[in-house]
Amino acid sequence: GTGQKEKQEFELVELLETVIAESKLRTPIPKLALVEGQFTLTCDRERLHTVFGHLVQNAQEATDKGGHVIVRLLKADGSAVVEIEDNGIGMDAQFVQHRLFKPFDSTKGLTGMGIGAFESREFIRSLGGNISVQSTPGRGTLFRVRIPCVEETEIGHTNRLHKASV
């Protein structure tokens with residue numbers, strides 16, 4: 001292994017579709033909500049797959065069968081934004097602030113996943129993005145994963161025009 005596989009160019013939509021297909025064994029089955037557009041990323045696909053798999057599984061585990069898990073893909077300021085939203089048990093602010101992103105604090109016995117929220121966020125940050133979370137106990141949780149896109153090659157700079165309105 002020469003390590004060449006670490007950075008691959010791939011479509012984020014396809015990756016998310018794969019993650020959701022794998023998640024269908026658990027309930028509630030996630031729904032994928034897409035906006036228009038291609039989202040080409042160049043990074044370690046396997047690790048990103050693990051990150052989203054982890055977030056989706058967390059959402060499913062926090063939510064009972066009658067609940068919902070929605071994976072939304074949108075674009076903001078040249079970044080791809082993936083939101084994983086559930087209406088499950090939620091987390092209180094103390095937990096989110098002090099424990100969620102702590103290394104190796106496996107509160108739900110997720111050690112088998114090999115990657116937790118902390119590792120996920122570190123990896124996303126290494127791509128120049130970030131993970132943020134909003135959660136309300138008893139209401140649910142929204143994870144927002146922002147990843148800078150590689151798209152200039154295909155589209156050129158036409159999309160720059162839309163930024164003026166911000």
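The values are calculated or read from the model by the stated rules, or taken from the named source; none is laboratory data. Everything numeric in this text was worked out from a predicted model, so none of it was measured. Every residue, glycine among them, receives a Cβ derived from its backbone with ideal geometry; neighbour counts consider all protein chains shown. To get the accessible areas, we keep the full protein, side chains included, count just its heavy atoms, and leave off ligands, DNA and RNA. Shrake-Rupley method; radii C 1.70, N 1.55, O 1.52, S 1.80 Å.
Taking 25 Å as the limit for the C-alpha separation, the pairs K31/K75; K7/K102; K65/K102 exceed it in the case of K7/K102; K65/K102. Taking all protein chains as shown and a probe of 1.4 angstrom, S126 keeps an accessible surface of around 80 Å².
Computed with the Debye formula from one identical point scatterer per Cα of segment 1-103, without solvent, the log10 of I(q)/I(0) at q = 0.25 Å⁻¹ comes to -1.31. The dipole here belongs to segment 5-80: it is taken about the Cα centre, uses +1 on the Cβ of Lys and Arg and -1 on the Cβ of Asp and Glu, and is about 220 debye.
Nonpolar atom fraction for segment 54-98, defined as the carbon and sulfur part of the 1.4 Å probe accessible area, stands at 50 percent. For GluC sites (Glu not before Pro), the sites in segment 1-108 that DSSP calls loop and that have at most 13 other Cβ atoms within 10 Å are E36.
Please say if segment 1-60 is rounded, prolate or oblate, where rounded means a/c under 1.5 for a ≥ b ≥ c the square roots of the C-alpha gyration tensor eigenvalues, and otherwise the choice is prolate for a/b larger than b/c and oblate otherwise? Oblate, since a/c reaches 1.5 and b/c is not below a/b.
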